[in-house]
Amino acid sequence: MADDIFREVDDAMRMERLRKSARRFAGLGLAGLVLIGAGIGGWEYHLSSLHKEALAKSTTYMSALHDLGADSSVAGTSLPLTPAQQKALTALADVGNASPSGLATLAQLREASSYATHGKTQEALRIWDNIQQNTKLDATLRHMATLLWCQWQVDSGDIATIRSRLSLLSNESKPFAALANEQLATLDLRAGDVKSARDRLTRLQQDYNAPNGVRMRAGGMLQTLDQQG
């Protein structure tokens with residue numbers, strides 16, 4: 001589940017950066033644009049401008065992501081971490097504590113995701129909450145932390161609190177609007193408000209700017225609601 005949302009977050013971030021770049025360069029008659037996308041799977045740096053220590057940390061980060069791989073579970077039960085994955089988590093924690101803020105935040109996000117998938121949900125929630133409350137960090141990464149914090153509580157957490165946080169991300173101008181609205185639809189169903197859930201899911205299914213996974217899940221949920229009458 002965590003890896004799916006990271007892929008969809010990555011798609012949403014790339015689309016948002018494409019839109020911003022298009023607005024910035026529209027009408028300038030440039031021959032070409034270099035568009036840089038940021039996602040949880042990687043962070044593009046101008047390596048030549050980094051100090052040696054920062055470059056070493058970025059190398060450690062990428063190596064840890066490779067060794068950690070995809071978190072997986074069987075029948076809802078988390079598989080134990082392998083020794084290589086445990087070592088990778090230790091490396092991510094080191095990067096998260098002593099790196100440039102953007103890279104450190106990415107490391108913390110990935111570390112928390114692995115904690116959540118492997119049963120340490122409270123530790124993951126603590127990390128995500130710290131990120132989203134730190135106003136000195138990049139807003140996009142803080143929003144990502146909010147999204148993950150809500151995702152892991154959407155089935156059992158306090159509806160009002162989760163809805164309040166997701167509402168800050170749900171405006172169509174926000175890069176994670178589709179993912180936030182998908183979770184809001186789940187909250188609507190938990191609260192028994194089927195009409196609001198159906199309306200929200202219909203908009204998501206018809207939103208061609210939304211990640212494909214979100215649109216497909218929205219369609220599947222609508223079919224289920226139709227079958228239930």
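General observations
- In this simple spin-label model, placing a label point 7 Å from the Cα along the Cα-to-Cβ direction at both SER63 and ASP226 gives a separation of 5.3 nm.
- Peptides 102-114, 152-164, ordered by how many other C-beta atoms sit within 10 Å of their residues on average, highest first, read 102-114, 152-164.
- C-alpha center-to-center spacing [the range 164-204, the range 98-159] in angstrom: 20 Å
- Rounded to the nearest 0.05, the FRET efficiency derived from the C-beta distance between SER101 and ASP158 at R0 = 30 Å is 0.50.
- Near SER101, once Lys and Arg are set to +1 and Asp and Glu to -1 for all other residues with Cβ below 10 Å from its Cβ, the sum equals 0.
- ASP94-ASP199 pseudo-label distance in nm [points 7 Å out on the Cα-to-Cβ vector]: 5.3 nm
- Protection-proxy order for peptides 197-204, 221-228, each taking the mean of Cβ atoms within 10 Å per residue, highest first: 197-204, 221-228
None of the figures in this text is laboratory data; all of them are computed from the coordinates on show. Source: prediction; values computed, not measured. A quick note on method: Cβ atoms are made from the backbone with ideal geometry, for glycine too, and the neighbour counts reach across all protein chains shown.
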